[in-house]
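The values are calculated or read from the model by the stated rules, or taken from the named source; none is laboratory data. Quick caveat, the model's predicted, so the values are computed rather than measured. Please note: Cβ atoms are built from the backbone with ideal geometry, for glycine as well, and neighbour counts cover all protein chains shown. All accessible areas refer to the heavy atoms of the entire protein, side chains included, with ligands and DNA or RNA removed. Shrake-Rupley method; radii C 1.70, N 1.55, O 1.52, S 1.80 Å.
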There are 4 protein chains.
Amino acid sequence: MVVAMEQWATEEQIAAVIARLQEHKLDVHRSTGTSRTVIGAIGETHMLDLQAFEVMPGVAEVVRISEPYKLASRTFKREDSIVHVGDVPIGGKEIVVIAGPCSVESLDQTRRTAERVAAAGARMLRGGAFKPRTSPYSFSGLGEEGLEILRTVADEFGLKVATEAMDRTQIDAVVAYADMLQVGARNMQNFTFLRELGKTRIPIMLKRGLSATYEEWLMSAEYIMAGGNHDIVLCERGIRTFETYTRNTLDIAAIPVIKKLSHLPIIADPSHGTGRRDKVIPMARAAIAAGADGLLVEAHVDPDHAFSDGVQTLNLDQFDELMGQLRLITPVLGRTIR
Amino acid sequence: MVVAMEQWATEEQIAAVIARLQEHKLDVHRSTGTSRTVIGAIGETHMLDLQAFEVMPGVAEVVRISEPYKLASRTFKREDSIVHVGDVPIGGKEIVVIAGPCSVESLDQTRRTAERVAAAGARMLRGGAFKPRTSPYSFSGLGEEGLEILRTVADEFGLKVATEAMDRTQIDAVVAYADMLQVGARNMQNFTFLRELGKTRIPIMLKRGLSATYEEWLMSAEYIMAGGNHDIVLCERGIRTFETYTRNTLDIAAIPVIKKLSHLPIIADPSHGTGRRDKVIPMARAAIAAGADGLLVEAHVDPDHAFSDGVQTLNLDQFDELMGQLRLITPVLGRTIR
Amino acid sequence: MVVAMEQWATEEQIAAVIARLQEHKLDVHRSTGTSRTVIGAIGETHMLDLQAFEVMPGVAEVVRISEPYKLASRTFKREDSIVHVGDVPIGGKEIVVIAGPCSVESLDQTRRTAERVAAAGARMLRGGAFKPRTSPYSFSGLGEEGLEILRTVADEFGLKVATEAMDRTQIDAVVAYADMLQVGARNMQNFTFLRELGKTRIPIMLKRGLSATYEEWLMSAEYIMAGGNHDIVLCERGIRTFETYTRNTLDIAAIPVIKKLSHLPIIADPSHGTGRRDKVIPMARAAIAAGADGLLVEAHVDPDHAFSDGVQTLNLDQFDELMGQLRLITPVLGRTIR
Amino acid sequence: MVVAMEQWATEEQIAAVIARLQEHKLDVHRSTGTSRTVIGAIGETHMLDLQAFEVMPGVAEVVRISEPYKLASRTFKREDSIVHVGDVPIGGKEIVVIAGPCSVESLDQTRRTAERVAAAGARMLRGGAFKPRTSPYSFSGLGEEGLEILRTVADEFGLKVATEAMDRTQIDAVVAYADMLQVGARNMQNFTFLRELGKTRIPIMLKRGLSATYEEWLMSAEYIMAGGNHDIVLCERGIRTFETYTRNTLDIAAIPVIKKLSHLPIIADPSHGTGRRDKVIPMARAAIAAGADGLLVEAHVDPDHAFSDGVQTLNLDQFDELMGQLRLITPVLGRTIR
């Protein structure tokens, strides 16, 4: 990190900054120019709170050079991480598609959906059991019964299960039934929750918050990893911008950027990312072309009567169409798909 | 709500939309123009999921005319609500200032801060006991011991206590010690949490999410109100925009807008709203001038050594200066201040 | 369009709204519910200013159902438009790559760049002759000499020329030397300029403004088309969001959305869209996978010594690599490339 | 500025960076830590293009410590600048209100508006003569006839005139008739235009672009100042964010921030900043309370029949109400008002 002093900073103020940096066991180097002094500090700066330096008298600006995260960083681990969800590896050569309805509505709806997505090449089944929604007057999920349905159906068709826990009181139930625990965008900075997840050993799918920077997203991964759980798959699902025609703006550039900053796998969710069914297939193609390790896609046997998110959900013929297109694209990108 | 049909929509498609609207006991009116049919529906549309209509064949667009919230709406309740936190009324003629440190660090730090902010005219003491932070490597709060300190010190100086619960497992502890429960910006759409808060009877301070629209914010208030707790104070604390010089962009216009849309009181947090200590006083003045019912301000006996957020925290002389300025402005705005 | 009246609106107010709508020769339909009256109006509403209705007494809300643009709309013209830049068709089956340096710096630099991009498969040469930059202290372009260099070099290697005019005083010079006139993002709503471009017959590349919605972008196209010039190619080049790691957020979803709303061709600029050289190739792949009709790419014989934008500019080996990858992907997408 | 090298950077790469910094006559200081080398450079860095260093081999990051602008900076000139528009000083103790219609529609409309705003205490008359609008089908202004009307009417009531030029071909006309030339938000980075304005000696009102950072805004001021015209008044008029209820988000914090970064006066435009007539008065109060030197307000003798922007325009009774409120607030803030 670099501390730039004000032009009028006194020698005492400069000395105080240097002393406090040295307390943190950093290598400190001072550069005194004709107009201004700049202090460089090198070492374990990711443990430091920069704000503590910004408020010191005589300090003009504090700039972090290295990232504030460590375990999640590509610097810390050079080779790509592969997260194994049972026998499904995410982050390797194979593109993994996770598909299913927004909400688990019934055994029949889930089974009919799962049968077709499995046949089309999906490796994992998604579905929400806990679904508190934006409106208190909407359907809010089947709860534990939904988890049972997911498990039963997934086993029937050889799929793994990914599903969301909304807070720490739901972790045990999800761990009991599912293979991967999803952290929703609205929970990405629910730190009490992240801390508990660090104590589990279930693979985590960590969705990006609606207004989270890359750095904040990786810091949330760091939270879980610092607790001991390193099996994290990041999921880009769109950010909030001024453009409201699409529900969110799917930030495809996040894929190559995260690949550079981190060793963790990254997948994309073109359903939430666009909020419009007819945009899901082109954006799924784009995400894979940009280097994503997989996709999270909403598909439903009858999306026009889905209890939630129907407007962005593929029907099963459209899901077949998506998988057919991916099977053409993946080989030219040097990847495989089931 | 209004459903605009595509130009090529068939009579069957139009009839299907009308039938489904009538199922929901709405008054339905059909307008057939030379090029297009438009269907109006009037009634309890805030219970409806618009998406269910958007996916129907032949539908071009669905537009909600009335708000998706009801209990929080100015239409539902014309006169201003006053939320009583003990004997402190928020939303009436008096401007209420809630002040204190970001984190409760010790009894001594809290007492020295509280003594001065009480003397200067603050009515309530703020302070964080549960403080999980962006980095897993930072100080994370004293927990229940922090709540005890807040209660003891507040009682000593005749203040009420506002403090944050991070999730539903912390609600009981906060209810036991505090007078007002704060919902942080990152929790504004934590719906399992909001649902539990609806069952309590403690006044809630609901901070606006970093990327929440006015409508989403009021829907979160509706969530709590739908559970039976109507004592909600909204708190504008800055939104995320492209401008990064300030930590957030304090959306002062939220104050008159919310006053129009809702009967609930609204206060502003210029500390988080700017993230810079020297901007707190001018933005506090601006919020009050725009019609805010109060302020949430970070103040600390020694902000340069605060465990968190020191860079945006006033020292106690600066807090005196703030209160002095507010005492000049409030009378000309027709408000009072302690 | 739909005008929703307030619940307390009087019969006179309703009648006044209906009368004003009828003045504009619209079909008007009135729906009176138990609580509220809604008025539908159908016809040439794209000529109307909605604000004139919003301020009428008793009006609660005015909602436009159809788009405010007409000539640029897919409703107006169902089949895809192909814009011919000389013998290069943009918007057909062929993917068109436009490549070259940010600034024309010298004949030698331009020739060495053009030779290689032509050999690699680019069809058009880009390069800035007029380059006023963010800082008044930076290089600002060779002016007309730069245009001559572009023309000479492009002819030598069988390329067409695309270059930017900054305002209406530069239109004649660009028309004299170039085959396509680029409107930069900062000029997208320079309406006096757009009006003049409507009078020309040179194909226009219209870049999206940094904070322009899809609708505003298409309205700017409409501006030019209303003047008589229908040869417009849209270019997505990234929008401004809260994420600052990338220079802009390349909104890949714009590609399928614009394809639905409009008949005009759309290309993408992954160089400005990311601002980072190592992200250009994955984002170029993503844009083509999402359905773009071409790419605008910065390439330079020696980007590390480019006068401007070097940090986002490919060197010529990287450009070869890009074209090699595109040649693999385009066939599986049903497109061709030179 | 600070150049942080990659951990694996070679001695040759480090030496190359140092050499290039020294070419620019900067004081260079090298800090070599156990893991990384950091190079500090001090001097006239506002003339430098940081990108040229970012692309050098072995460079990890380049950070500018000082601002990229100089003439506009508070560091360059400590005391507040006062811009004199005829006998009206902007930036001193007096709050200056500039009021009038969005568009000049007729002599009668302008005179009836001007008479009342002058009587109420406005010092300057605003009004658009050149009004190209978002839609090519809307009213686009009276042109030079509008300028004549403004001049005649302003002289009649002792007001100064502020009006917009849309590009450099309109500068002469505006200089001939007006006292202050307005640069609109969409033109804030029209650098060919800014360069020409630097050659004039008319005071400039520089509106902030919809998505311009503080730094970009001040760089645009620098552009004009570098040409020799130092009489610049900045105008905050709202930025584009995800919130669409208000037309823009008026960034009140810009006022104290700009006051710190720059010596130039700053005013606020609550009409464009909110886009809603009933929000103009509270936001005007807020801007003044935050330290603004004046206001730009749309007022019209009959806003419900205004040719443009009527929905955000005050009628003349509302303007009287605004001025009455400002007369109460300004004294307690230590300012005066006519």
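Taking chain D as a Gaussian network of alpha-carbon nodes connected by springs under 10 Å, the highest mean-square fluctuation of the residues D:Ala284, D:Ala253, D:Ala52 belongs to D:Ala52.
Here is the result for the range A:35-100: no chymotrypsin sites (Phe, Trp or Tyr not before Pro) lie in DSSP coil with at most 10 other C-beta atoms within 10 angstrom of their C-beta. Of the GluC sites (Glu not before Pro) found in the range A:139-209, not one falls in a DSSP loop while having at most 16 other beta-carbon atoms within 10 Å. Here, chain C yields an orientationally averaged convex hull projection of 19.4 nm² when only Cα atoms define the hull. For C:His24, the accessible area of its heavy atoms, probed at 1.4 Å with every protein chain present, is near 90 square angstrom. Taking chymotrypsin sites (Phe, Trp or Tyr not before Pro) across the range D:112-142, the ones in a DSSP loop with at most 16 further Cβ atoms lying within 10 angstrom of their Cβ are D:Phe139. How large is log10 I(q)/I(0) at q = 0.12, 0.21 Å⁻¹ when the Debye formula is applied to the Cα atoms of the range B:130-288, each weighted equally and without solvent? The Cα Debye sum returns log10 ratios of -0.54, -1.47. DSSP beta bridges confined to chain D are antiparallel in about 40 percent of cases. Across identical copies of the chain, D:Phe157 has label-point separations of 5.1, 6.2, 7.2 nm, listed in ascending order, with the point defined 7 angstrom from Cα along Cα→Cβ. Copy D relates to copy C by a rotation, and the D residue whose beta-carbon is nearest that axis, with the distance in whole angstrom, is D:Ser211, 2.
Dividing the Cα radius of gyration of the range A:232-338 by its Kirkwood radius returns 0.97 for Rg/Rh. Structural descriptor for the range B:206-338: relative contact order 18 percent, calculated from alpha carbon pairs under 8 angstrom and at least 6 residues apart. Most simply put, the protein assembly as shown has about 40% antiparallel DSSP beta bridges, counting only bridges with both residues inside it. Normalising the average separation of contacting C-alpha pairs (under 8 angstrom, six or more residues apart) by the number of residues puts the relative contact order of chain A at 17 percent.
Eigenvalues of the alpha-carbon gyration tensor of the range D:34-127, scaled by 5 and square-rooted, set the equivalent ellipsoid semi-axes at 50, 18, 10 angstrom, largest first.
Largest first and in whole Å, the equivalent-ellipsoid semi-axes of the protein assembly as shown read 40, 40, 38, each the square root of five times a Cα gyration tensor eigenvalue. Taken one residue at a time, the phi angles of the range C:323-338 give Karplus couplings (6.51, -1.76, 1.60, θ = phi - 60°) of 5, x, 5, 4, 5, 6, 7, 4, x, 5, 8, x, 10, 10, 8, 5 Hz. Gly and Pro are set to x.
Other residues lying with their Cβ under 12 Å from the Cβ of C:Ala176 contribute a combined charge of -3, Lys and Arg counting +1, Asp and Glu -1. What residue among D:Pro136, D:Pro265, D:Pro256 has the largest mean-square fluctuation in a Gaussian network model of chain D, using Cα springs under 10 Å? Fluctuation is largest for D:Pro136. Charging the Cβ of each Asp and Glu at -1 and of each Lys and Arg at +1, and nothing else, the dipole of chain D about its Cα centre rounds to 580 debye. With its label point put 7 Å out from Cα toward Cβ, C:Thr244 sits 0.4, 2.7, 2.7 nm from the same residue's point in the other copies, in order from shortest.
Each Cα pair under 8 Å and six or more residues apart adds its sequence gap; the mean of these over the residue count of the range C:2-63 is a relative contact order of 49 percent. Summing charges over all other residues whose Cβ lies under 10 Å from the Cβ of D:Glu67, with Lys and Arg as +1 and Asp and Glu as -1, gives +1.
Among A:Leu50, A:Leu159, A:Leu234, the largest mean-square fluctuation in a Gaussian network model of chain A, built with springs joining Cα atoms closer than 10 Å, belongs to A:Leu50. I'd like the distance between the alpha-carbon centres of the range A:166-239 and the range D:1-67, rounded to an integer number of Å. With the range A:166-239 and the range D:1-67 each reduced to a Cα centre, they are spaced 38 Å.
Averaged over the residues of D:191-199, the number of partner chain Cβ atoms lying within 10 Å of the residue Cβ comes to 4. Given +1 at the Cβ of Lys and Arg, -1 at the Cβ of Asp and Glu and no other charges, the dipole of the range A:94-197 around its Cα centre is 360 debye to the nearest 20.
Taking the DSSP bridge list for the range D:26-142 and keeping only pairs wholly inside it, about 75 percent are antiparallel. Across the identical copies, the label point of D:Ala176 (7 Å from Cα in the Cβ direction) is separated from its matches by 2.7, 8.1, 8.5 nm, in order from shortest.
The rule of thumb for compact globular proteins, 2.2 N^0.38 Å, goes into the C-alpha radius of gyration of the range D:236-290 1.10 times. The calculated 222 nm mean residue ellipticity attributable to helices in chain B amounts to -10500 deg cm²/dmol, summing -39500 (n - 2.57) over DSSP H runs of n ≥ 4 and dividing by all residues. Within a straight-line Cα-Cα reach of under 23 Å, B:Lys260 can be paired with the following lysines, leaving aside sequence neighbours fewer than 8 residues apart in one chain: B:Lys70, B:Lys77, B:Lys93, B:Lys207, D:Lys279.
Note on the protein assembly as shown: with charges restricted to the Cβ of Lys and Arg (+1) and Asp and Glu (-1), its dipole about the Cα centre is near 0 debye.
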